[in-house]
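Visitor: My questions will all concern the structure given below.
The values are calculated or read from the model by the stated rules, or taken from the named source; none is laboratory data. Computed from a prediction, not measured in an experiment: that's the story for all the values here. In this analysis, Cβ positions are derived from the backbone assuming ideal geometry, glycine residues included, and neighbour counts consider all displayed protein chains. Side chains are part of the model used for accessible areas, which takes the heavy atoms of the whole protein and leaves out ligands, DNA and RNA. Shrake-Rupley method; radii C 1.70, N 1.55, O 1.52, S 1.80 Å.
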Amino acid sequence: MNFPTLAEMLRVDTATLIAFLAMGGATFAVRAGGILMVRFLRPTPFLDAFLHHLPGAMFAALVVPALLKGGLPEWAGAAAAYLGMRLTGQLAVALALAVAATVSLKLLGL
């Protein structure tokens, strides 16, 4: 079995490099444009309220379909995350409990 050399692994196709740099530039432009817009434009009260509630709505849009398709492990993970957040207020603790509960039940075959 022939393994590639380091030089072969580090070789980059020109088209791939151009696409990578272009997407990086586009991402930077979108983020910088948002920062510049907020600096010069003041949001209306409606837009401010909308942006304030958007993260919760996005999170719900991602979590609810997974819970509806999931079984006991997914529901147990959601319950563990909820309890972890309510008891500690720490996102990392809530996520760790959710992952631990879900993976544990999946490993048990549930």
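Visitor: For segment 1-76, compute the orientation-averaged projected area of the C-alpha convex hull (one quarter of its surface), in nm².
Guide: Its Cα hull, projected and averaged over all orientations, spans 11.4 nm².
Visitor: Then there's this: When the Cα centres of segment 1-44 and segment 54-110 are compared, how far apart do they sit, in Å?
Guide: Using only Cα atoms, the two centres lie 32 Å from each other.
Visitor: Next up: Contact order normalised by length for the chain, with contacts defined as Cα pairs under 8 Å and 6 or more residues apart; what percent is it?
Guide: Working: 42 pairs, mean separation 19.0, N = 110.
Computed over the chain, the figure is 17 percent.
Visitor: On to the next question. With all protein chains present, how much of the accessible area of the chain (probe radius 1.4 Å) comes from carbon and sulfur, to the nearest whole percent?
Guide: 75
Visitor: Let me ask something else about it. As an exercise, take the mean of 1/r over every pair of distinct alpha carbons in segment 66-110, invert it, and state the Kirkwood radius in angstroms.
Guide: Values: mean 1/r = 0.0979 Å⁻¹.
Answer for segment 66-110: a Kirkwood hydrodynamic radius of 10.2 Å.
Visitor: Next question. Measure off 7 Å from each Cα along the Cα-to-Cβ vector at Leu108 and Arg11, then give the distance between these two points in nanometres to one decimal.
Guide: Result for the modelled spin labels: 5.2 nm.
Visitor: Further, regarding this structure: In Å², and per residue, what accessible area does the chain have when probed at 1.4 Å with the other protein chains present?
Guide: Result: 86 Å² of accessible area for each residue.
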